[in-house]
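Working notes for the structure below.
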Amino acid sequence: MKLSGGEFVKVFRERTGKNQREFGAEIGVSDQTVSNWETGVSKPKLNPPQMLKLCQLLNCSLEDLAEAFSSSDKSAA
């Protein structure tokens, strides 16, 4: 089973041992923004340096992240 974009962020964030506030602070977003990503309320809308940092923290490629959120769109259709 493939993870949705939000599940992907949550699972990989939890692997870092960081809570939503700590994780968001490293990227430059609020804990509420991270929560919104994880619950599917919204998707990451970040500038390139933030997106790079997100991928580094999640230990994933930009392709992996884009695919996770892309598959979320398809499953919602």
statement: The number of residues in region 1-21 that are free of Cβ contacts under 8 Å to residues at least 40 places away in the same chain and surrounded by fewer than 14 Cβ atoms within 10 Å (Cβ to Cβ) is 6
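Name the residues in region 31-41 that are in a loop (DSSP other than H, G, I, E, B) and either surrounded by 13 or more Cβ atoms within 10 Å (Cβ to Cβ) or among the acidic types (Asp, Glu) (or both), would you?
If the condition is that a residue be in a loop (DSSP other than H, G, I, E, B) and either surrounded by 13 or more Cβ atoms within 10 Å (Cβ to Cβ) or among the acidic types (Asp, Glu) (or both), then GLY40 is the only one that fits.
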task: Scan region 42-58 and give yes if some residue there is within 10 Å of the chain's Cα centre (by Cα), in a helix (DSSP H, G or I) and modelled with pLDDT under 90, otherwise no.
output: no
field: Single residue of ALA68, ALA25 found to be in contact (Cβ under 8 Å) with a residue 40 or more places away in the chain and assigned to a helix (DSSP H, G or I)
entry: ALA68
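The values are calculated or read from the model by the stated rules, or taken from the named source; none is laboratory data. Here the structure is a predicted model, which means the values were calculated and not measured. Note: ideal-geometry Cβ built from the backbone for every residue, glycine included; neighbour counts use all protein chains shown.
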